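Working notes, structure below.
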Amino acid sequence: MKTTKKIFKLILLLALFGIIYSFSFTTYENIKVNNMIKKFKKRADLNSEVLINVTNGGESYYRRYLEVPRETSKELNDQKNVFNDFEKNELGRNGDIFVTRDSPFPEKVLIHNFVSYYFGGHSALLYYENNNPNFIEATGFPTSDESIFDYIFNKGNAIHDLHSTVSVNTANYWTTPNRLNEYYFDMFYRDKYIGLRQVKDIDDDLYEQYIDEAINKTYEKVESDSLYNFLFFINTRYKYYCTDLLGRSFDEAYNKVVNDKQEYKSKGYAKKMNDDGFISSVNDLILSKDTFIHFYVEINEEILNDEKVIVETIYYLSDVEV
């Protein structure tokens, strides 16, 4: 009896230690990311401000552009503009990653705060096809006739008829407003999101091959109809969640292009874009040595000309291509 009590106490102590450690480490990560964003915004050249009225997705609102001078070696080594077009309407280039730290459950306060704080909201990989932006992503929203357990007990390596899979979204939901969806900020998908780009630590040609192969490796999961992984850190061989999908796909691409490991397959936890080496979160992607922030977007209500309006502010690294 005494032995059982000791074991039980030990388990409780270990569990308590795990909770305290997890909370402390997550708090540390959140503070670091908050500071990164704050510093990025603070660097903006206020003299570069351009404020225009835009019509996008059938909606009219204001957009503010603020240029952030390039300073760090990661930023200076990058030889691409942030925007895909000269007019600065198409945000992001091939292989860029869009992330949000806010969960998709704002109406469920406790769940929303927990998920946002510990894991983040979503990430997706941008690629252009016929000059149209597309996003490869892993989303976990089972249909009404499915349950999470259908996914958990499916090994993921056989033909299935489940719907929460790695897929391509042809709608640019990040930058295009849509009142038909119950979005965060009236008509926007999120009121804050971040653009990440891969650090260029190899020569130009190899880097471009790496980015192209990363898109290919991510798209392979679309073609194989890979399932969403609701267990996150268990059963990772054939299943993916949003941040995990990108980290493992970029890992496979890097090993194929740079290390010439043609058959390499990333297993277990993502080895790319995973700051703590455990469950890959949005904060891990942001804090990773493999990425850097190249734009930050926030949407707020402001008073302009005595009228309350929605203003989308885009902080972006200065142009390098002319």
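The values are calculated or read from the model by the stated rules, or taken from the named source; none is laboratory data. The shown structure was predicted, so the numbers you read here are calculated from the model rather than taken from an experiment. All Cβ positions, glycine included, derive from the backbone under ideal geometry; neighbour counts span all protein chains shown. Note: areas computed on protein heavy atoms with side chains; ligands, DNA, RNA excluded. Shrake-Rupley method; radii C 1.70, N 1.55, O 1.52, S 1.80 Å.
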**Message:** Looking only at strands (runs of 3 or more DSSP E) that lie completely in the range 109-195, which have at least 1 residues being open to solvent by less than 30 Å² (accessible area, probe 1.4 Å), in contact (Cβ under 8 Å) with a residue 60 or more places away in the chain and of a type in the set (Phe, Trp, Tyr)?
**Reply:** 122-129
**Message:** Could you check the range 296-321 and list, in sequence order, the residues that are of a type in the set (Ser, Thr, Tyr) and either exposed (fewer than 13 other Cβ atoms within 10 Å of the Cβ) or part of a strand (DSSP E or B) (or both)?
**Reply:** 296, 313, 315, 316
**Item:** Single unsatisfied condition, residue 238 versus (1) in contact with a strand residue (DSSP E or B) (Cβ under 9 Å, 6 or more places away or on another chain); (2) at pLDDT 90 or above; (3) more than 21 Å from residue 118 (Cβ to Cβ)
**Value:** (2)
**Request:** Would you confirm whether any residue within the range 177-191 is among the hydrophobic types (A, V, I, L, M, F, W, C) and more than 21 Å from residue 101 (Cβ to Cβ)?
**Result:** yes
**Request:** Kindly establish whether residue 202 is in a loop (DSSP other than H, G, I, E, B) and either open to solvent by less than 70 Å² (accessible area, probe 1.4 Å) or among the hydroxyl-bearing types (Ser, Thr, Tyr) (or both).
**Result:** yes
**Prompt:** Mind checking which residues of the range 63-93 are of a type in the set (Phe, Trp, Tyr) and at pLDDT 95 or above?
**Reply:** 65, 83
**Number of the exception - residue 263 against (1) within 22 Å of residue 78 (Cβ to Cβ); (2) open to solvent by 70 Å² or more (accessible area, probe 1.4 Å); (3) among the acidic types (Asp, Glu)** = (1)
**Request:** Look at residue 230 and say whether it is in a loop (DSSP other than H, G, I, E, B), touching a helix residue (DSSP H, G or I) at 6+ places or on another chain (Cβ under 6 Å), closer than 29 Å to residue 116 by Cα and in contact (Cβ under 8 Å) with a residue 12 or more places away in the chain.
**Result:** yes
**Complete:** When every residue in the range 219-260 that is of a type in the set (Ser, Thr, Tyr) and in contact with a Lys or Arg (Cβ under 9 Å, 6 or more places away or on another chain) is compared, the one most open to solvent (accessible area, probe 1.4 Å) is 238
**Asked** If we scan the range 205-216, do we find a residue that is open to solvent by less than 10 Å² (accessible area, probe 1.4 Å) and within 14 Å of residue 123 (Cβ to Cβ)?
**Response** yes
